[in-house]
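Asker: There's a structure below that I have some questions on.
Nothing in this text is a laboratory measurement; each read-out follows from the coordinates by a stated rule. Note that the structure is a prediction, hence the values are computed from the model and not measured. Note that we place each Cβ from the backbone using ideal geometry, even for glycine, and neighbour counts take in every protein chain shown.
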Amino acid sequence: RTELSLKEIMSSGGAEDDIPQAERKTVTDFCYLLDKSKQLFNGLRDLPQYGQKQWQSYFGRTFDVYTKLWKFQQQHRQVLDNRYGLKRWQIGEIASKIGQLYYHYYLRTSETSYLNEAFSFYSAIRQRSYYSQVNKEDRPELVVKKLRYYARFIVVCLLLNKMDVVKDLVKELSDEIEDYTHRFNTEDQVEWNLVLQEVAAFIEADPVMVLNDDNTIVITSNRLSETGAPLLEQGMIVGQLALADALIIGNCNNQVKFSELTIDMFRMLQALEREPMNLASQMNKPGMQESTEKPARRENPHKYLLYKPTFSQLYTFLAASFKELPANSVLLIYLSATGVFPSGRSDSEGPYDFGGVLTNSNRDIINGDAIHKRNQSYKEMHCLHPGDLYPFTRKPLFIIVDSSNSVAYKNFTNLFGQPLVCLLSPTAYPKALQDQSQRGSLFTLFLNNPLMAFLFVSGLSSMRRGLWEKCQDYLRKINRDIAQLLTHSRSIDQSFLQFFGDEFLRLLLTRFIFCSATMRMHKIFRETRNYPESYPQLPRDETVENPHLQKHILELASILDVRNVFLENTLDDY
């Protein structure tokens with residue numbers, strides 16, 4: 001809408017000449033800050049999505065203006081009410097934009113504390129009912145602003161695991177959508193109802209509920225906590241590499257998603273983050289670190305979240321990450337995607353002969369597909385082949401592939417002698433478990449929340465909190481033992497050890513081995529394709545089929561009274 005001119009604003013409050021100079025200046029300053037803030041906010045869309053440094057100063061300027069604007073309207077609320085006709089929904093809009101800024105700052109930096117800041121601004125809007133009067137105005141576009149605010153607030157709450165708040169917001173949003181469609185008879189009703197369905201499916205994606213004594217659900221967090229990763233002990237010789245950057249790619253058909261996050265992406269991004277700290281104690285504002293005291297802990301690795309990227313988008317982000325990767329650092333690529341299998345038979349066994357995983361096809365490449373169908377000797381175009389990643393193995397690379405064609409990446413070659421590991425999901429699950437794939441992959445669940453995955457394959461769907469915590473303690477012991485097995489192995493490939501110095505990668509590797517060992521002992525996982533694999537291969541007898549580890553898994557099963565689900569005869573000595 002066109003903003004009112006300053007003259008119209010002022011004169012609506014009475015004869016223009018009657019307005020004291022100071023109040024006139026207040027309104028002028030407010031209009032200037034409001035315009036400037038909108039201009040800067042809209043400019044954020046034009047910043048490149050990749051590359052970590054170009055955007056920081058622009059974000060800083062935008063934050064400065066919004067901070068001034070927020071304080072200004074607080075200090076001069078009376079004058080702005082009388083002379084400008086400031087409405088509560090306009091204050092809500094400013095708060096909502098600040099919440100969005102913090103959320104985008106989190107996406108750009110992977111610093112989870114900014115999510116708390118976004119949450120506090122979004123909460124204030126709800127607590128102070130800034131948007132409550134919107135429904136009285138006959139303007140559908142204002143109601144849409146309110147609905148979008150709800151959707152954004154829900155995303156932040158999901159990322160902070162505030163499921164109780166999410167449920168309240170979904171109920172409120174549902175009522176708002178009903179009121180909106182009833183009053184305005186709009187065409188976007190279907191889209192908004194789809195938003196509700198997506199959130200509902202997202203909330204219910206976890207296959208196991210942990211319950212308090214009063215049957216309320218315990219919210220478990222799967223971010224890295226202080227006691228999360230097994231500690232390195234004396235005598236463990238590991239590399240000094242640190243995970244600095246990660247690409248999290250989701251391109252599965254039919255998987256539960258909300259906003260632009262599939263459930264697999266959502267689980268993996270939390271496995272690469274630490275628990276949020278309270279920002280207020282650490283920093284005065286985004287991008288401005290207090291020089292006197294730096295936070296004592298390491299930062300989270302930077303992440304790019306790519307939902308259904310095309311090949312060119314994926315390659316652009318990959319190249320940007322590769323270019324900016326600091327010395328002694330690791331790039332992680334997580335692919336959760338539908339498998340693409342080779343269409344023709346090939347005599348050779350090169351890095352483009354086994355297919356790979358799906359990339360999104362832009363509709364404008366249809367003629368390329370037509371050629372493809374005529375000639376079976378061409379390779380699949382909308383596919384990330386193992387060979388596509390070869391150029392990036394010039395630096396340490398840690399790859400996780402969760403796909404029905406993950407084994408294509410088993411045929412990797414380490415050309416440059418840099419540390420390189422691929423963790424590969426099973427390519428098929430036993431029939432009894434198959435119907436779960438829409439709610440996220442079992443392999444990724446093991447990497448994110450191994451106990452929940454273990455309960456699920458054991459046929460359990462709920463559990464008391466006390467028993468859950470007892471099992472978590474036992475799982476920590478198992479992780480410590482896996483760390484010992486890995487670091488004491490005589491025949492393990494050095495790449496595994498070079499990555500083992502990083503907390504996040506250490507946890508992923510120990511969980512991978514726990515996952516693999518569990519599946520190999522499970523009575524219904526009987527085919528080779530039901531097991532995870534890796535490149536380079538792990539020495540089985542020292543890791544995934546180690547009798548000591550197998551004994552631990554049976555102990556865990558005994559605590560849960562599900563020992564009958566597992567094979568006992570894999571153990572020679574027990």
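Asker: When you count, for each residue, the other Cβ atoms within 10 Å and take the mean per peptide, how do 548-554, 21-27 rank with the highest first?
Answerer: Numbers: 548-554: 18.0, 21-27: 14.7.
Listed from highest to lowest mean packing, they are 548-554, 21-27.
Asker: Extension gain LYS323-ILE217, at 0.36 nm per residue separation less the Cα-Cα distance, in nm? Present the calculation step by step, with values, prior to reporting the outcome.
Answerer: Details: separation 106, 0.36 × 106 = 38.16 nm, distance 4.42 nm.
Here the segment from LYS323 to ILE217 would lengthen by 33.7 nm.
Asker: Something else about it: Where in the stretch 502-537 does the label zone of GLU275 land, with the point 7 angstrom along Cα→C-beta and an amide N cut-off under 19 Å?
Answerer: Backbone N within reach: 503-505, 507-508.
Asker: Which length gain, in nm to one decimal place, applies between GLU469 and SER348 when the Cα-Cα distance is subtracted from 0.36 nm times their residue separation? Could the numbers behind the result be given before it?
Answerer: Numbers: separation 121, 0.36 × 121 = 43.56 nm, distance 5.15 nm.
Additional length available on full extension: 38.4 nm.
Asker: Could you state the angle between the C-alpha long axis of helix 189-203 and the longest principal axis of the C-alpha atoms of the chain, as a value from 0 to 90 degrees rounded to the nearest 10?
Answerer: Helix 189-203 sits roughly 50 degrees off the main axis of the chain.
Asker: Which entry in (1) 53; (2) 56; (3) 48 is this structure's computed percent of Cα pairs over 32 Å apart?
Answerer: (1)
Asker: Angle check, please: helix 465-488 long axis (alpha carbons) against the longest principal axis of the chain (alpha carbons), in degrees 0 to 90, nearest 10.
Answerer: 60 degrees
Asker: Still on this structure, please answer the following. Against the longest alpha carbon principal axis of the chain, how many degrees, from 0 to 90 and to the nearest 10, is the axis of helix 311-324 turned?
Answerer: Between helix and principal axis, roughly 90 degrees.
Asker: Where does the charge balance sit around ARG464 when Lys and Arg score +1, Asp and Glu -1, over other residues with C-beta under 10 Å from its C-beta? Spell out each step's value before the answer.
Answerer: Values: positive: ARG465, LYS470; negative: ASP213, GLU469.
It works out to a net charge of 0.
Asker: Shifting gears a bit: Which of the aspartates and glutamates could a cross-linker bridge to LYS308, judged by Cα under 13 Å and excluding same-chain residues fewer than eight apart?
Answerer: The qualifying aspartates and glutamates are GLU260, ASP264.
Asker: Where does the chain land at 222 nm, in deg cm²/dmol rounded to the nearest 500, when only DSSP H runs of n ≥ 4 count, each adding -39500 (n - 2.57), divided by all residues? Before the final figure, lay out the partial values.
Answerer: On the way: 18 runs with 257 residues, N = 574.
My calculation for the chain gives -14500 deg cm²/dmol from helical runs alone.
Asker: Something else now. Apply 1/(1 + (r/R0)^6) to the Cβ-Cβ distance of ASP164 and THR186, taking R0 = 41 Å, and write down the FRET efficiency to the nearest 0.05.
Answerer: Numbers: r = 31 Å, r/R0 = 0.75.
The value I calculate is 0.85.
Asker: Taking the Cβ of LEU232 as the center, what net charge do the other residues with Cβ under 13 Å away carry, scoring Lys and Arg +1 and Asp and Glu -1?
Answerer: Working: positive: ARG480, ARG506; negative: GLU233, ASP502, GLU503.
After counting each charged neighbour, the total is -1.
Asker: Straight-line reach from LYS162: which lysines have Cα under 19 Å away, leaving out those fewer than 8 places along the same chain?
Answerer: Of all the lysines, those that pass the test against LYS162 - Cα under 19 Å, at least 8 places apart if same chain - are LYS171, LYS257.
Asker: Between GLU299 and ARG394, what is 0.36 nm times their sequence separation minus the Cα-Cα distance? Round to one decimal in nm.
Answerer: On the way: separation 95, 0.36 × 95 = 34.20 nm, distance 2.44 nm.
Residue separation times 0.36 nm, minus the Cα-Cα distance, leaves 31.8 nm.
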